[in-house]
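Undergrad: Here's a structure for you.
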Amino acid sequence: MPVVKADRTQLLQVFQNLISNGIKYRGERTLKLHVGAEDKGHEWLLSVRDNGIGIAPQYATRIFRIFQRLHTRKEYSGTGIGLAVCKKIVERHGGRIWVESEPEEGSTFYFTLPKQQRL
């Protein structure tokens, strides 16, 4: 993993939220999670990939809005704020966040962090 200049607690919260979502929304399969980083020149591209239940493409932006849930609380616990918090943190650090996913195919959450941070 790269060394970045960032708020340690906030960056930890991003990874905790993305990893815990991968665990929570795993479905019946044996869980597989992968955390990666790629040097893109002026920024780092970080990713958290899972093999869970996936997300339909039409919800790819909605899930980053506060209190937006795709499932009932009976199906999956949570408040609907985790991904909104991730978006706020990543954007505060000058990056962007998005998901690539298909139902039943898992999800990959990507986010960027500039190599020169503006904190």
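Undergrad: Just to make sure I understand: if all protein chains stay in place, what is the order of 40, 24 by accessible area at 1.4 Å, largest first?
TA: Greatest to least solvent exposure: 40, 24.
Undergrad: Still on this structure, I have one more. Based on DSSP H runs of at least 4 residues, each adding -39500 (n - 2.57), what is the mean residue ellipticity at 222 nm of the chain after dividing by all its residues, to the nearest 500 deg cm²/dmol?
TA: Calculated at 222 nm, the ellipticity per residue is -7500 deg cm²/dmol.
Undergrad: Separate question: I'd like the Kirkwood hydrodynamic radius of the chain, using the inverse of the mean 1/r over distinct C-alpha pairs, in Å.
TA: Taking the inverse mean of 1/r over all distinct Cα pairs, the chain comes out at 14.6 Å.
Undergrad: Using the Cα centre of the chain as origin and beta-carbon charges of +1 (Lys, Arg) and -1 (Asp, Glu), tell me which of 99, 4, 56 is placed farthest towards the positive end of the dipole.
TA: 4
Undergrad: Nothing charged except the Cβ atoms of Lys and Arg (+1) and of Asp and Glu (-1): what's the magnitude of the dipole of the chain about its Cα centre? Round to the nearest 20 debye.
TA: For this selection, approximately 500 debye.
Undergrad: Right, something else. Starting from the Cα-Cα distance between residue 92 and residue 16, subtract it from 0.36 nm times their residue separation and give me the gain in nm to one decimal.
TA: 25.6 nm
Undergrad: Let me ask something additional. Give me the lysines in straight-line cross-link reach of residue 24: C-alpha distance below 22 Å, same-chain residues under 8 apart excluded.
TA: 32, 74, 87, 88
Undergrad: Note the full-extension length gain between residue 24 and residue 37 as 0.36 nm times their separation in residues minus their Cα-Cα distance, in nm to one decimal.
TA: Extra length available between residue 24 and residue 37 comes to 2.4 nm.
Undergrad: Roughly how many Å² is the accessible area per residue of the chain, as a whole number, for a 1.4 Å probe?
TA: Accessible area per residue: 63 Å².
Undergrad: Just tell me which lysines come within less than 17 Å, Cα to Cα, of residue 115; anything on the same chain fewer than 8 places away is out.
TA: In chain and number order, the partners are 5, 40.
The values are calculated or read from the model by the stated rules, or taken from the named source; none is laboratory data. Since the model is a prediction, treat every value here as computed from it, not as a measurement. Positions of Cβ are generated from backbone atoms using ideal geometry, with glycine treated the same way; all protein chains shown enter the neighbour counts. To get the accessible areas, we keep the full protein, side chains included, count just its heavy atoms, and leave off ligands, DNA and RNA. Shrake-Rupley method; radii C 1.70, N 1.55, O 1.52, S 1.80 Å.
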